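Every number here is computed from the coordinates shown, using simple stated rules; none is lab data. Just so we're clear, the structure is a prediction, and the values are computed from it rather than from any experiment. With ideal geometry, Cβ positions are generated from the backbone for all residues, glycine too; neighbour counts draw on all protein chains shown.
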Amino acid sequence: MIYVIFGQFHNNGYLILENFLVDEEVSALREACRGLVDNFQPDQHRCVFTTTDHKQSRDTYFLESGDKIRYFFEEGVFDEKDQLTVAKNRALNKIGHALHWLEPAFKKVTFSSKVQQVVSDIGFKDPAVSQSMYIFKQPGIGGEVTPHQDSTFLHTEPMKIVGLWFALEDVTLENGCLWFIPGSHKQGVDRRFVRNPDKQSNELTMYTAPNPDYDTTKFIAGPVPKGSCVLIHGEVVHKSERNRSSLSRHVYTFHVIERADNTVYSKDNWLQPTENFNFPGLNDSC
């Protein structure tokens, strides 16, 4: 049976595993996030994250977040005086990108034996975790995530990346579930998001090509109940719509790259390991 299930992943480019996290694990992640937000002071930095404008591409706060826990806001939550118009816990778009290593509750889930097993089952031999995020998808204002492939942002040669996406609340059509184009991972990567080689430019990162016009009729919705894990192939095209409902859509997600078979992590990826923080192996002792 397991071969049938994971055959679906390789055929479609994604796979939904319901009841992957138990209620205690979900609660632990939610509580850890609340603690992070409570201790965060919004005047420390005000980086807005959006997939439609990419303002963060001009900000070293974003570019240098791979070994830190940093906070990114939704669009439209600051007034003309640069003051928040809503409470900070309702203003954040996401927290990233080293939750999996620096925050114990997230580390425990990320490096759990069941995560190790599922990544092994889809064919990874020596997996490492490159980055992690807590995404809020705030009620009424949670921004859309435009159609994309994760390997655009995290590229290896040969290509082997998978995202694990955990629903910490029920994820519905109304509050911004994922949508996929099944089988689109078999077409290759359409473009890259890389560090700008022009060191004089204000744009610290850049795309290597325009975003393709994907056929919107091919997208399939993927609503899931709380506790589900969604496996996302690095090359499958997916998106999520803006949250126009009164309910949030909190998720925890991280990306795994392969290190075996001479797989090389691209040196021009926006996210790079640092001298003090290489990407930790998923099966290594923590």
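Whole-Hz Karplus values for segment 170-177 come out as 4, 10, 10, 4, 6, 9, x, 5 Hz, taken residue by residue from phi with 6.51 cos²θ - 1.76 cosθ + 1.60 and θ = phi - 60°; glycine and proline positions read x. Residue-wise HN-Hα couplings along segment 234-249, as the Karplus relation 6.51 cos²θ - 1.76 cosθ + 1.60 with θ = phi - 60° gives them from phi, are x, 10, 7, 7, 8, 7, 8, 7, 4, 7, 9, 8, 8, 10, 6, 9 Hz; Gly and Pro carry x.
P(r) for the chain, from all Cα pairs and a bin width of 10 Å, is 6, 29, 39, 22, 3, 0 %, short bins first. The length gained on full extension between residue 6 and residue 85, counted as 0.36 nm times the residue separation minus their Cα-Cα distance, comes to 23.9 nm. Between residue 284 and residue 218, what's the calculated FRET efficiency when r is the beta-carbon distance and R0 is 41 Å? Round to 0.05. In this case the efficiency is close to 0.60. Looking at the chain, what % of its DSSP beta bridges pair antiparallel, to the nearest 5? Here the antiparallel bridges make up roughly 95 percent for the chain. For segment 202-212, putting each phi into the Karplus relation 6.51 cos²θ - 1.76 cosθ + 1.60 with θ = phi - 60° gives couplings of 6, 7, 6, 10, 7, 8, 8, 6, x, 6, x Hz, in residue order, rounded to whole numbers and with x for Gly and Pro. Taking every DSSP helix (H) stretch of at least 4 residues in the chain, weighting each as -39,500 (n - 2.57) and dividing the sum by the residue count yields a mean residue ellipticity at 222 nm of -5000 deg cm²/dmol.
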